[in-house]
Amino acid sequence: MALSETDNGCSGGEGGETDAIVKTCVLGGFSEGAETRALISSLPEVHGDMGTSESTTERFLVLMNRYQEQPHLLDPHLEWILNMILDIVRSEESAPSLVHLGFKFLYIICKVRGYKIFMQLFPHEVADVQPVLDLLSRQDPKDSETWETRYMLLLWLSMTCLIPFDLYRLDGHLEAESSKPREPIMDQILAIAKSYLVVSDSPRDAASVLVSKFMTRPDVKQKRLGDFLDWTLTTVSQTNDHSIRDIKVLDGVLQSLAKLFKHGKRDDLLQYAPTVLQCLEKKNLSESSEAMLRKLGVKLIQRLGLTFLKPRLAAWRYQRGSRSLAANLSMSQSAAASAAVTPEVETQEQEDYDIPEEVETVIENLLVGLKDKETIVRWSAAKGIGRVTGRLPKELADEVVGSVLDCFSFQETDNAWHGGCLALAELGRRGLLLPSRLTDVVPLIIKSLTYEEKRGACSVGSNVRDAACYVCWSFARAYEPKELEPFVTQIASALLITAVFDRNVNCRRAASAAFQENVGRQGTFPHGIEIVTAADYYAVGNLNNCYLNISVIRELATKALHNLTPQAPDYMATTVLPQLLTMAVAMDLHGRHGAILACGEVTHALHKYVMFLHRGFGGWLMRPAICGLIEKLSLSKMPFKDDPVITGWQWVIDDTIQTLHLASSGAKDSIMVAIVSALSALCDEYYQAQTGQADSQMQDVLVSQYIEGLKSSQMLTRCGSALALGCLPRFMIHSKLKQVCLKLMCTVSQKEGNFTEARRDAVRSIAHVCVKAGVCANGCPDSVVCSENVAEVFDVLLSSMSDYTTDSRGDVGAWVREAAMTSLMDLTLLVASSAPEILSPDQVKCMMCCLAQQAAEKIDRYRAHAGNIFLRLLHSTEPAVPHIPHREELETTTSLNWNAPSQAFRYIAQLLGLPEYQYHTLLGLTVSVGGITESTVHFSSQSLFDYLKRIQENNVALEQFGDTLLSILRDNLRNDRVSVPFLKMLNQMLANSCFEIFTTQENHQFCVDLLGLCKEFKKSKDISKLSACIAVFCGLIQFQGEVRKKVLSQLLLLLCHSFPVIRKNTASQMYEMLLTYDDVIDPEVLDDVMTLLSDTNCDLSTVRTHRNQLCDWLGIVRPKVVAKVTL
């Protein structure tokens, strides 16, 4: 029964605690039919306008995504939706953009419902073959904007391939109508399938579906199956998994083979299976670095195994009965008797069946897959083990089970344990794990439920425990209660402990689900209903609920005693603790151990309980509530002025700021917001001597107190104090502005890594204080922002834009930079509206350049924030910001999706052509182009190279760009955040011949200066930096003159580096360099040099001899070892 909302209500117990409210949204049907019809009908009108078409597509996407979890509700409506869109697509009047938009809508529906169901609705008559084929042949496989069209057309073609007529009949009809000879339909479809199997986008997946449908046709498999398999195996053998393009090709080919062996007939494919298996063995996909290739390899191998074995169910398997309760109850005695006789005959037949030798190889590969480092590979291998074992004789199947059990060794990794659990669950679910094996299996599963392995400062094993719960769940469904009865106590205890005390929410929920399944299907779990009621799936999802509520029901460990203490502290102190002390000196070793641990837990809990009572307002749950009460009473203008209660309210606020570090991490933000709101309202109402004038005593006390808090050793106290200063009303900071701003600036300038959040809040507060104080060009610097102090404020905020502090959480300095950008915008707009004359051109230029740098960097969120502020200041008219460099050239763009790298970097690259912005923009692009995020690297480098391509013929612009590059490198030689990405970016520039005009001149100054700077990196111990430097040296070899010999000299020095990996890397890259640039050395010694580089081993003594030989051949002076001088 589906309910739209379920409310558990209140428990009604003495504590008056409220149970968790569980809300579920279950849809009753597809209710957006009218809107969907209207959206599809509007496609012909909106397709020409990019903005309107995008909004229409987004709306349709929102409608369909509501049914992601219940896609079957769309089934009654799919046919009319498909027909409406196909009418548009088939119309000869439809423009290409309209056709693509229609297919994009079809793809959205297909993604929600699943292609296997949706593709069956496509029309697949003889008349549909040629139009679909023609439409597909007109598509551009490289057009990244229309891939949905190609994806859906391939699925449609897959359905048209099912027509029950020989395809050669269509060829005659086509030849009669056309004057030119045409390729047969069969060859056209095969060519299309092959071409799309090697593309890099989603149509590759649809092409594999096409292959599985097309190649299994009777006429096609007779004429083309062998040739197609030859092509696939040749492709597999000629590719490698180190090239991105080859990885995509391998992905498509392996997908097609897996689907072909899944859907094809065994008799047709059996003759090819040994050859395919042999090819996979040579390819050794299990060693690939790509998880998807390893998964596809396992998937294909299991399909090959099923091809080798005859498609029959094992008669020896354990069968609990029919899935249908009615069928179980209606089984007659005669049927049961006949069923008891038949297996013996089938078993005998199976025992006589010879198992091919290749099956052993298949099972061996699947067992290796169980230990893979990726879950998707292990899961595929586990399913393969289950499928293949189901076709084996009993003795061989038992050997497979024994091999799976070998995964549960403490010499194995957590991956092997996880894979073993998945395989056992599959075997049990299919009835292939006989009850006689349970005595071996259950103890291993119990161990798996508590599996944990330390890895440095953390531990792994949650996936193993989760999979062990899945095994217990599958056993509940697979076996009769009498089979599991001997193991009930062990399984029930282990599942209950996992459900209540496992720290991973997925494991707790999995254990709860497995426990509930056993209670329902086995009926033998002790106290099953009571436990399931207390520790159900939703209850165990909350960690606090598990440890503080559910564990109270069962005294399972000393931790439970700790949790019980607050419930009855007097009883624990007067009764339980004396008993524990008696047990702590008893003879029983285990009793003493447990009692001592329990004494510590109970004593600690009593201490916390007393501290809780002494905190006053009931802990951190009450603090924001009390602050909220203070705020609302102040806003209500309650007559408490000069009343002692105000002192109490102020104490609550101040004490909360001082003790914020004691609050839980989840509550800190809400408490901070409550403090700021309460303090602001309190000051407004009760700290004014008269309207607009502060109570001088309270003003001095509060300002001094919060300034002192900025020096606290507790980070959160600093944050609270900074925010408190920022929320003070204008009259409270009047005549104190200089003092407040100075201390906030000091906090910002202290770059300790531990106080990043404090610097962020101080930056925010500087802007808040300045905005509240207001602007007056000739005003007093202690009361308003004026010509005397505006430069100092701007300098602090601009310096905060260069905060790149990092810690274990990553780039935490980004918080400060984000706050600085917002504060600069607020302050600039304030000054521009009141006194624009005090804004100097240098300040505005520096601000815009810093924003341009941030808008070019690699983190999407902060790039978008900087870009939006950049455009806001650029286009602001009321007020207009003065002195913005190149305003006219930049005002062409009004809005931009900065989160999309494809749009953002295209705009940012324009700034490279403006001298004032070039340095900072290129500095920001450096970390993007030399980064590791694929999309960011792709679009940023593309935009950069597009700009460089435009200035190739402009020698002045290219020289200026080169000088800027050198300046960035010179300024950041010791800054790894910039220097390593810079080297990677520079390597890409050299590889793309971006400085080809410089290479025509001997000893060009750009190369000379660049080489001199790069030589500094040789002293580094950072392998990534040294590797990037080697690549740059190899790129610099293209420059002519004496500088080339200096580059070779540096490379030969690195050939004898103290790190073996650097020596090997240098030799490898020099080899590739000499292959690329054939004019570097004399052709007579080229072969000798290449041979020596390829044979260079990593032994330092041998390498020096080889290096000296290379020096002689290359005409380079041999380096001399400089002895260290000791004083």
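The values are calculated or read from the model by the stated rules, or taken from the named source; none is laboratory data. Small disclaimer: the values here were computed from a predicted structure and weren't measured. Glycine gets a Cβ as well: all are built from the backbone with ideal geometry, and neighbour counts include every protein chain shown. Heavy atoms of the whole protein, side chains included, go into the accessibility calculation; ligands, DNA and RNA do not. Shrake-Rupley method; radii C 1.70, N 1.55, O 1.52, S 1.80 Å.
Numbers below:
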item	result
Over the chain: helical MRE at 222 nm, DSSP H runs n ≥ 4 each giving -39500 (n - 2.57), nearest 500	-20500 deg cm²/dmol
Highest to lowest packing among 968-974, 152-158, scored as the average C-beta count within 10 Å	152-158, 968-974
Region 704-812: mean projected area of Cα convex hull, nm²	6.3 nm²
Reciprocal mean inverse distance between Cα atoms of region 80-231 - Kirkwood radius, Å	16.0 Å
For the chain, with +1 on Lys and Arg beta carbons and -1 on Asp and Glu, the positive-most of 583, 564, 1111 along the dipole	583
Heavy-atom surface of region 99-144, accessible at 1.4 Å and reported per residue (Å²)	47 Å²
Relative packing of peptides 1084-1093, 213-222 - highest average C-beta neighbours within 10 Å first	213-222, 1084-1093
Residue 920 accessible area, assembled protein chains, probe 1.4 Å, Å²	50 Å²
Cα gyration tensor of region 415-468 - equivalent ellipsoid semi-axes, whole Å, descending	24, 11, 7
Among 160, 1048, 198 - extreme Cα towards positive end, dipole of the chain, charges at beta-carbon	1048
For region 1023-1126: accessible area per residue (Å², 1.4 Å)	51 Å²
Debye-sum result for the chain in log10 I(q)/I(0), which assumes one identical scatterer on each alpha carbon, at q = 0.05, 0.07, 0.08 Å⁻¹	-0.52, -1.05, -1.33
Diffusion constant of region 881-933 at 10 °C, which comes from Stokes-Einstein with the Kirkwood Cα-pair radius and 1.306 mPa s, µm²/s	129 µm²/s
Carbon + sulfur, % of accessible area of region 1023-1126 - ligands and nucleic acids excluded, 1.4 Å	53 percent
Potential lengthening between residue 708 and residue 806 on full extension [0.36 nm per residue; Cα-Cα distance subtracted]	32.6 nm
Distant alpha-carbon pairs in region 205-261 (separation over 18 angstrom), percent	33 percent
Projected area averaged over orientations for region 757-816, convex hull of C-alpha atoms, nm²	4.1 nm²
Rg(Cα) / (2.2 N^0.38 Å) computed for region 1023-1126, rounded to two decimals	1.02
Sequence-distant residues sharing a close amide H with residue 688 (under 5 Å, placed H)	695
Viscosity 1.002 mPa s, temperature 20 °C, Stokes-Einstein D of region 883-968 from Kirkwood C-alpha radius, µm²/s	158 µm²/s
